[in-house]
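The values are calculated or read from the model by the stated rules, or taken from the named source; none is laboratory data. All of these numbers come straight from a predicted model, not from anything done at the bench. In this analysis, Cβ positions are derived from the backbone assuming ideal geometry, glycine residues included, and neighbour counts consider all displayed protein chains. Remember, those area values only see protein heavy atoms, side chains included, never the ligands or the DNA or RNA. Shrake-Rupley method; radii C 1.70, N 1.55, O 1.52, S 1.80 Å.
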Amino acid sequence: MSDSWLVRQLSEKRDSALAEARKITDRAEAEKRELTAQEVVQFDALAADMDSIRAQGDSFRKLDAQIKEQEKYLTHALGGGNRAASTAREWSRRSDGRSATADPGQRLAENAVVADMLSQQDRSARPVVEQHGTLDNFVRSLSTTSGSAIVPTIWGTDIIDRARNYAAVLQAGAQIVPMDAQTIQIGRLTTDPTAAFRSEGTLITASDPVFDNVTLQAKTLTCQVTGSLEWFMDAINVEETVSNAIAKAVALELDFNALYGGVVAGSEVSATGFNRVLTSPPSPRGVLAALLAVAPGNVLGGAANGTTQTATRPWDEILDLVYTPADSNEQVNGLIWSSKMQRRYAKLYDTLSQPLRVPDALANIPRYVSNQVPSNMTVGTSTTNMTDVFAADWTQLLIGQRLDFHIQTLTERYAELGQISIIATWRGDIAPARPKAFSVYRYLQNT
């Protein structure tokens with residue numbers, strides 16, 4: 001029997017007592033008379049019951065909150081029972097030793113680093129919050145004058161939380177790292193210690209682990225939302241619509257840069273259909289660029305004319321992709337591919353037109369769709385559409401997040417159209433922490 005259940009039961013008793021008290025007063029009012037002595041006694045007893053129930057409910061709620069906090073602490077202390085939970089404690093800030101990442105499922109505003117920033121900014125942010133209330137009121141106030149303003153962190157973290165739900169890499173387990181400075185360093189283990197048997201009396205060979213840092217340095221990402229003056233002034237759901245629009249734009253660009261940031265069309269990506277140049281900086285360096293630089297053996301495929309799956313063994317390339325990190329003692333927890341590639345594999349049939357069974361080694365690996373993975377690339381002399389497939393332990397992908405969203409309104413520029421445009425600026429960085437936890441199969445047949 002949980003305390004939450006007890007709170008619900010107490011609430012039902014309180015509602016019942018309130019209903020009985022109302023019956024007494026309603027009956028007297030309908031008969032246009034004062035309460036009788038007996039009714040006064042009954043009413044007072046019901047009021048006392050409600051006060052007692054309210055006090056018990058408050059106590060149970062506090063106890064329930066304490067228990068949940070203890071359970072949360074124990075879950076982290078014992079490893080959480082899953083890799084995603086334990087990984088949240090794997091990364092630590094070099095500056096103060098605190099956990100560097102937000103816990104899985106945790107609202108960013110609840111993270112200790114963010115909470116400290118909120119506390120520091122509380123005095124300056126409060127007048128803005130009290131004046132404007134919510135983001136939609138804030139946007140309406142900005143729509144009457146040109147200029148810019150800093151969105152308080154309590155709104156900025158809400159937009160970030162929305163973006164986490166849209167980005168495939170974040171759904172797959174990438175870690176959000178709150179950045180309270182332009183550059184932060186996170187300690188990581190690059191070489192594990194080794195063990196060896198020895199003969200009696202022989203020298204013990206020292207084997208020390210090797211550590212270095214993952215450095216995140218904030219880079220700038222912007223997106224623009226334009227709408228009519230009337231809509232910004234009259235719509236009741238400005239906050240929901242604008243926040244979602246910004247969050248989706250940020251999420252899509254995070255996906256693209258997490259996978260392809262730092263690559264150059266015509267060089268690292270030679271296929272037609274990939275036309276963006278993502279030089280780092282200003283772009284972060286994502287998975288493919290990092291592998292090409294430090295772990296080229298984890299980049300598979302890349303044949304001159306792409307790779308066509310073998311008709312009788314179409315899963316072989318995906319199996320090679322998944323086992324490549326495993327060869328370095330890493331464990332893949334998800335694939336990311338385009339919707340067209342997912343459709344291609346979903347439509348595999350055997351000679352009896354029965355759906356082709358997924359190999360056991362892949363059956364329990366989640367597959368995430370991101371159409372930021374180009375699905376219409378052609379390479380060499382081939383005219384068949386090709387695409388890339390990414391496999392990884394995505395908890396090893398760190399996404400640094402500066403917490404101050406900057407919103408600028410452009411009124412004069414669009415005045416003749418009766419429109420207002422909002423430019424939102426996101427700052428952060430992306431870094432694969434252990435590159436060999438990632439693998440990419442390049443130019444795999446898509447149709």
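Give the Kirkwood hydrodynamic radius (Å, one decimal) of the stretch 302-447, defined as one over the mean of 1/r across all pairs of different Cα atoms.
Kirkwood hydrodynamic radius for the stretch 302-447: 18.0 Å.
Would you please calculate the Kirkwood hydrodynamic radius of the stretch 251-328 over all C-alpha pairs and express it in Å, rounded to one decimal?
13.9 Å
Determine the shape class of the stretch 363-447: with a ≥ b ≥ c the square roots of the Cα gyration tensor eigenvalues, call it rounded for a/c under 1.5, and otherwise prolate if a/b is greater than b/c, oblate otherwise.
Taking the square roots of the gyration eigenvalues as a ≥ b ≥ c, the stretch 363-447 is oblate.
Based on alpha-carbon centroids, what's the gap between the stretch 284-327 and the stretch 328-400 in Å, whole number please?
Centre-to-centre distance over Cα atoms comes out at 11 Å.
Using heavy-atom solvent-accessible surface (probe 1.4 Å) with all chains present, what is the largest-first order of T409, T308?
Largest to smallest exposure gives the sequence T308, T409.
Report the accessible area of L252, computed with a 1.4 Å probe over the heavy atoms of all protein chains in place, in Å² rounded to the nearest 10.
L252 has an accessible surface of roughly 90 Å² with all protein chains in place.
Largest first, what is the accessible-area ranking of L403, L352 with a 1.4 Å probe?
My answer, sorted largest first, is L352, L403.
Can you tell me the length gained on complete extension of the stretch L319 to A304, counting 0.36 nm per residue apart and subtracting the Cα distance?
Fully extending the segment from L319 to A304 adds 3.3 nm.
Pop the C-beta distance of A311 and A265 into the FRET formula with R0 = 41 Å and round what comes out to the nearest 0.05.
Between A311 and A265 the formula returns 0.85.
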